[in-house]
1. Across the stretch 248-287, what is the total count of residues that are in a strand (DSSP E or B) and either open to solvent by 40 Å² or more (accessible area, probe 1.4 Å) or of a type in the set (D, E, K, R) (or both)?
2. Can you pull out every residue in the stretch 328-352 that is open to solvent by less than 50 Å² (accessible area, probe 1.4 Å) and more than 30 Å from Leu290 (Cα to Cα)?
3. Scan the stretch 305-327 for residues that are open to solvent by less than 60 Å² (accessible area, probe 1.4 Å) and farther than 30 Å from Ser285 by Cβ and report the count.
4. Of everything in the stretch 49-70, what is more than 18 Å from Asp104 (Cα to Cα), free of Cβ contacts under 8 Å to residues at least 40 places away in the same chain and either open to solvent by 40 Å² or more (accessible area, probe 1.4 Å) or under 40 Å from the mean Cα position of the chain (by Cα) (or both)? Give them in sequence order.
5. Can you name the residue in the stretch 72-84 that is outside any helix (DSSP H, G or I) and surrounded by fewer than 18 Cβ atoms within 10 Å (Cβ to Cβ) and, of all such residues, is farthest from the chain's Cα centre (by Cα)?
6. Go through the stretch 185-242 and tell me which strands (runs of 3 or more DSSP E), entirely inside it, have 3 or more residues that are free of Cβ contacts under 8 Å to residues at least 60 places away in the same chain.
7. Out of Leu302, Leu290, report the one residue that is in a strand (DSSP E or B) and open to solvent by less than 90 Å² (accessible area, probe 1.4 Å).
Amino acid sequence: MKKLNIALLLCLVIGSVLPVSAQDKYDPNQQITITKTTPFTDAIRAIELMTQQYEGKKIVNLSNYNGPIQVPIKQLYWKEALQLIIDFNQLVLKEQPGAYRISDPEVVKSSGGEQLSPDTKQVRISAIFFKLNETFSKNVGIDWSTLINGEVKARIDFKGAGAVADDLFQASVEQQIESGEYTFNINTLLRIIEAYQEGTIMARPNVIVLSGKKGFIQVGEDFSIKTIDKDGNTVDQFFETGIILEVTPTIIQQGENEAIHLVAKVEKSTAFPGAISTIISKSTSKTEILLYDGEETVIGGLYDTDISTTRRGIPILKDLPWWVFGIRYLTGFNKTEQNSGELIIILKVEILEPIEIRREQSDTIKDRIEQNRKDNRSMEQLFDQDLKEMEKQIKEQGNE
């Protein structure tokens, strides 16, 4: 009997501190139960009866969704049930004077007019711009077409390659001595070539592009030419030079298999300003290929020649001004060197997960558990269940 009195006193205390709004909120007359297979429009009509009875508001459904609500509703406060159905089906609910308005989410379009959504996939394109000495390239015999999974094959001429051949031999992943063919990790190969000053990595840019959209990478500079417009005003017209890469990846899906149709255009250009006009020397390459996720490809064959002039001769004397008895001409000379190089561009494509999936993967387990608790039931519901269980136990002890 003493335990029964304590339990009754506890219930009275809890009921007194419980906010009035919470008590009204879980009035059994304002709770609703709907199966998950109920059509969306039928569920909204059922909830609308309560919105009109308790708030005097109608529900205006402007959405195009007409499927099932897909989430079971069991003895839930009608306003929370309405919000749960809206959130679960990714719709928008807005409360207005005299009505609740339901609409489809706002559709965002890209610059080309296509609809964008959180499920829109993107492609990351990583590039390596590498300039390789032409003579060394011929001696080593790198077959860039064999690039796969980050490895490439080469036929090394040890006499022509010089000291670098020893390091290449030690760094090779696989050797076939009879044919002279060696397999190298691409990053290791480039580091060794750079160490021996037979080539240099000019840039390692990467860009993320929407499927079907164009990506642009430029390593160089813009120059301007003064022109006169139709009104007679002098204006600057800018041109892009350097290494220019334009890529357009399109994801192709067949069943569970995904591939990337890549359109790539490469331009190597240099501007030579003159007294009358400016000459732009350029070489271009364009290709269309199919790649799987994570695959690499190489664009090569873009050659250029660097011309450099250096002063050689007896130090100090070779650099004297011409008017010092012409000594500079007797003690020094100008030497012009031409260095030919090949531009190698390595491209790697990767399909990124939709932004919603990436967001879910970034959430911690604790955050997921907490969010699930908020979505499924509120803290007031848990308290309400505990209270009902306590009342049930009190009744059972009273009957005993």
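1. Total satisfying the criteria: 21.
2. Correct list: Thr331, Gly332, Ser340.
3. 9
4. Scanning the stretch 49-70 gives Leu49, Gln52, Gln53, Tyr54, Glu55.
5. Among residues in the stretch 72-84 that are outside any helix (DSSP H, G or I) and surrounded by fewer than 18 Cβ atoms within 10 Å (Cβ to Cβ), the one farthest from the chain's Cα centre (by Cα) is Gln75.
6. Result: 222-228, 234-240.
7. Selected residue: Leu302, the only one of Leu302, Leu290 that is in a strand (DSSP E or B) and open to solvent by less than 90 Å² (accessible area, probe 1.4 Å).
For (1) farther than 30 Å from Thr120 by Cβ; (2) modelled with pLDDT of 85 or more, each residue gets a yes or a no:
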| residue | (1), (2) |
| --- | --- |
| Tyr292 | no, yes |
| Gly332 | yes, yes |
| Gln338 | yes, no |
| Arg358 | no, no |
| Arg373 | yes, no |
| Gln393 | yes, no |
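The values are calculated or read from the model by the stated rules, or taken from the named source; none is laboratory data. The model shown is predicted, which means the values in this text are computed figures rather than measured ones. Neighbour counts are summed over all protein chains in view; Cβ atoms, including those assigned to glycine, are modelled from backbone coordinates with ideal geometry. Please note that ligands, DNA and RNA were not included when accessible areas were found on the heavy atoms of the full protein model with its side chains. Shrake-Rupley method; radii C 1.70, N 1.55, O 1.52, S 1.80 Å.
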